[in-house]
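**Student:** Take this structure first; my questions come after.
The values are calculated or read from the model by the stated rules, or taken from the named source; none is laboratory data. Quick caveat: nothing in here was measured; it's all calculated off a predicted structure. Every residue, glycine among them, receives a Cβ derived from its backbone with ideal geometry; neighbour counts consider all protein chains shown.
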Amino acid sequence: DAGVTQSPTHLIKTRGQQVTLRCSPKSGHDTVSWYQQALGQGPQFIFQYYEEEERQRGNFPDRFSGHQFPNYSSELNVNALLLGDSALYLCASSLPGQLSGANVLTFGAGSRLTVL
Amino acid sequence: GQQLNQSPQSMFIQEGEDVSMNCTSSSIFNTWLWYKQDPGEGPVLLIALYKAGELTSNGRLTAQFGITRKDSFLNISASIPSDVGIYFCAGQPPPGTYKYIFGTGTRLKVLA
């Protein structure tokens with residue numbers, strides 16, 4: 001049973017460029033959340049997708065956008081990259097809301113983004 | 001961004017010792033999760049807590065949901081070298097929000 005898979009694992013971009021990160025949730029999970037983890041910090045909530053819509057958003061600018069597909073996979077897009085966007089981007093999936101433990105997050109290994 | 005206070009920030013312990021760490025907030029939470037993160041990896045769930053006062057164990061790990069709902073504690077008994085890593089708490093505010101707020105992390109180093 002595959003867990004949460006993310007791609008790419010590492011990438012390097014320059015300021016002003018755009019990046020797309022991808023996530024496949026754990027089998028049976030329908031909700032996807034994205035978190036940004038700066039070096040030495042805890043993860044920070046970016047947004048959550050459920051039923052192909054953004055259900056909640058954290059304190060991130062509009063340069064950060066996302067999408068969820070009918071198969072529950074998700075993408076995170078960041079436009080006009082800044083040096084401060086360098087971080088580990090974590091995708092987490094969770095069970096459908098009506099099931100026990102539905103609000104427990106299962107994380108992927110992350111995508112390490114470096115902005116030069 | 002908002003982060004929960006975790007203490008200690010880091011600790012060195014001898015193999016076989018017990019470890020205690022905690023997470024505190026000025027706000028109440030409905031759910032507490034404890035994760036361990038190894039270098040280059042995503043966080044891995046250790047324990048989930050859902051009720052104030054709840055005490056839950058997972059092998060050598062025991063966690064408690066504080067009765068004020070503003071804190072949580074994690075204990076590791078008889079530490080072993082593979083316990084090395086960063087431990088994060090995460091709290092989910094009362095209904096109406098889906099996000100988790102994470103702690104600043106406790107970095108654990110075990111001396112054999």
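**Student:** Working only within the stretch A:31-55, note down all residues that are crowded, with 24+ Cβ neighbours inside 10 Å and over 14 Å from the mean Cα position of the chain (by Cα).
**Tutor:** Scanning the stretch A:31-55 gives a single hit, A:42.
**Student:** Considering (1) within 14 Å of another protein chain (Cβ to nearest Cβ); (2) within 23 Å of residue A:83 (Cα to Cα), say which one residue A:20 fails and leave the rest.
**Tutor:** Only one criterion in (1) within 14 Å of another protein chain (Cβ to nearest Cβ); (2) within 23 Å of residue A:83 (Cα to Cα) is unmet by residue A:20, namely (1).
**Student:** If you take the residues in the stretch A:56-77 that are surrounded by fewer than 18 Cβ atoms within 10 Å (Cβ to Cβ) and of a type in the set (S, T, N, Q), which one is nearest to residue A:23 (Cα to Cα)?
**Tutor:** A:73
**Student:** Check residue B:77 against each of (1) closer than 28 Å to residue A:3 by Cβ; (2) of a type outside the set (A, V, I, L, M, F, W, C); (3) out of contact with any Asp or Glu (no Cβ under 6 Å at 6 or more places or on another chain); (4) modelled with pLDDT of 95 or more and name the one condition it does not meet.
**Tutor:** (3)
**Student:** Right, residue A:28: away from chain B (no Cβ under 14 Å) and over 11 Å from the mean Cα position of the chain (by Cα) or not?
**Tutor:** The answer is yes for residue A:28.
**Student:** If we keep just the residues of the stretch B:1-33 that are assigned to a loop (DSSP other than H, G, I, E, B) and within 30 Å of residue A:7 (Cα to Cα), which is farthest from the other protein chains (Cβ to nearest Cβ)?
**Tutor:** This residue is B:2.
**Student:** Within the bounds of the stretch A:78-86, is there any residue that is at pLDDT 95 or above, under 13 Å from the mean Cα position of the chain (by Cα) and surrounded by 15 or more Cβ atoms within 10 Å (Cβ to Cβ)?
**Tutor:** Yes, the conditions are met somewhere in the stretch A:78-86.
**Student:** Here is a follow-up. Taking the stretch B:77-108 on its own, how many of its residues are away from every other protein chain (no Cβ under 14 Å), surrounded by 13 or more Cβ atoms within 10 Å (Cβ to Cβ) and either under 11 Å from residue B:25 (Cβ atoms) or not hydrophobic (A, V, I, L, M, F, W, C) (or both)?
**Tutor:** The qualifying residues number 3.
**Student:** Inspect all residues belonging to the stretch B:34-49 and state whether any of them is surrounded by fewer than 17 Cβ atoms within 10 Å (Cβ to Cβ), among the small types (Gly, Ala, Ser), part of a loop (DSSP other than H, G, I, E, B) and more than 14 Å from chain A (Cβ to nearest Cβ).
**Tutor:** Looking for residues that are surrounded by fewer than 17 Cβ atoms within 10 Å (Cβ to Cβ), among the small types (Gly, Ala, Ser), part of a loop (DSSP other than H, G, I, E, B) and more than 14 Å from chain A (Cβ to nearest Cβ), one finds none in the stretch B:34-49, hence no.
**Student:** Regarding residue B:74, is this residue under 14 Å from the mean Cα position of the chain (by Cα), crowded, with 20+ Cβ neighbours inside 10 Å and away from every other protein chain (no Cβ under 14 Å)?
**Tutor:** yes
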